[in-house]
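Below is a structure I'd like to ask you about.
The values are calculated or read from the model by the stated rules, or taken from the named source; none is laboratory data. The shown structure was predicted, so the numbers you read here are calculated from the model rather than taken from an experiment. Glycine gets a Cβ as well: all are built from the backbone with ideal geometry, and neighbour counts include every protein chain shown. Each accessible area value is taken on the protein alone, full model and side chains, heavy atoms only, with ligands, DNA and RNA left out. Shrake-Rupley method; radii C 1.70, N 1.55, O 1.52, S 1.80 Å.
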Protein chains: 2
Amino acid sequence: MTNYLHYYLALEQAKKSYAEGGIPIGAVLVKGDDIIGKGHNQRVQQLNPILHGEMDCLQNAGRLQDYSDTILYTTLSPCMMCSGTIVQFKIKKVIIGENVNFEGNIPFLKEQGIEVELLNDKETIKLMANFIKEKPELWNEDISETKE
Amino acid sequence: MTNYLHYYLALEQAKKSYAEGGIPIGAVLVKGDDIIGKGHNQRVQQLNPILHGEMDCLQNAGRLQDYSDTILYTTLSPCMMCSGTIVQFKIKKVIIGENVNFEGNIPFLKEQGIEVELLNDKETIKLMANFIKEKPELWNEDISETKE
């Protein structure tokens, strides 16, 4: 069952990144009722290409022995880096804000045994659509589409 | 064609990590003749679960517009996080030190159009085998096998 309070904390991270001039994608990692990590894309803020929202969140959560009872909330459908990480870490479930602005890899996650829930939250879709319209070059860099 | 000088710089990174008490996996990113990034696993040194050798290397290389002419040298066959990242970043080619101690995801990389070369370098195999024998719990944590 989606905990919307947890989801809105991920969305808050995305808004924080947008306000900083960064890419508005956020994530939180939850274990039981505890939020054990949160983060947002850091490409602009830290000049860091590997810190997508999900990766920044997992970095901030630190070293865990076991992710099999964790849920990752993310505002955007995960790219291949973040999807591979979710599979590698054996995260139980991913709750995704939207896949309208970026398709991501939901079928891959499901094939690998990850539970997936897709919200297609209107506010999240609008935030991401606005960003892509405002800064298309930055968005294309983040999804490795600079040559197309 | 494998540039063994570049490969040995990746192995040097692995040895550096081992000397620090960390997980001995290293990587370098090369563009033409230039080494544009190097790094090693930072789970122990930075208490960071996402900084496998390949990820630390890509973080250190910073923001690039295009990875399609880059080659990633890594001492160990990439896990699903690092393989997903290689695919997402559209890195041209991966040169892998060994897949004896960890199978990794070579078929996945090839299916996704990444060129792969496997060296199975004896010194690299021995370094990794020694580490796994010495610190099995740490190794299992790094590959998410703590429950098995």
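Take the residues of the range A:112-148 that are among the acidic types (Asp, Glu) and within 12 Å of another protein chain (Cβ to nearest Cβ): which is surrounded by the most Cβ atoms within 10 Å (Cβ to Cβ)? It would help to see each step written out before you state the result.
Kept after step one, since they are among the acidic types (Asp, Glu), are these residues of the range A:112-148: A:115, A:117, A:121, A:123, A:134, A:137, A:141-142, A:145, A:148.
Those still in the list that are within 12 Å of another protein chain (Cβ to nearest Cβ) too: A:137, A:141-142, A:145, A:148.
Numbers: A:137: 9, A:141: 19, A:142: 22, A:145: 11, A:148: 6.
Here the residue is A:142.
When the residues of the range B:44-97 are narrowed to those that are of a type in the set (D, E, K, R) and within 8 Å of another protein chain (Cβ to nearest Cβ), which ends up least open to solvent (accessible area, probe 1.4 Å)? Reasoning before the result, please.
Keep residues of the range B:44-97 that are of a type in the set (D, E, K, R), which gives B:54, B:56, B:63, B:66, B:69, B:90, B:92-93.
Applying the additional criterion that residues be within 8 Å of another protein chain (Cβ to nearest Cβ) yields B:63, B:66, B:90.
Working: B:63: 88, B:66: 42, B:90: 79 Å².
Of everything passing the filter in the range B:44-97, B:66 is least open to solvent (accessible area, probe 1.4 Å).
Conditions tested, residue by residue: (1) closer than 28 Å to residue B:29 by Cβ; (2) in contact with a Ser or Thr (Cβ under 8 Å, 6 or more places away or on another chain).
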residue	(1), (2)
A:3	no, no
A:9	no, no
A:14	no, yes
A:19	no, no
A:36	no, yes
A:39	yes, no
A:48	yes, no
A:55	yes, yes
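Working only within the range A:1-39, note down all residues that are part of a helix (DSSP H, G or I) and touching a residue at least 24 places away in the same chain (Cβ under 8 Å).
Of all residues in the range A:1-39, those part of a helix (DSSP H, G or I) come to A:4-19.
Once the filter is applied, which keeps residues that are part of a helix (DSSP H, G or I) and touching a residue at least 24 places away in the same chain (Cβ under 8 Å), the range A:1-39 yields A:6, A:7, A:9, A:10, A:11, A:13, A:14, A:15, A:16, A:17, A:18.
Continuing with the same structure: Assess whether residue B:42 counts as being touching a Leu at 6+ places or on another chain (Cβ under 6 Å) and outside any helix (DSSP H, G or I). If you could, list the steps in order and put the result at the bottom.
Details: touching a Leu at 6+ places or on another chain (Cβ under 6 Å): yes; outside any helix (DSSP H, G or I): yes.
For residue B:42, the condition - touching a Leu at 6+ places or on another chain (Cβ under 6 Å) and outside any helix (DSSP H, G or I) - is met.
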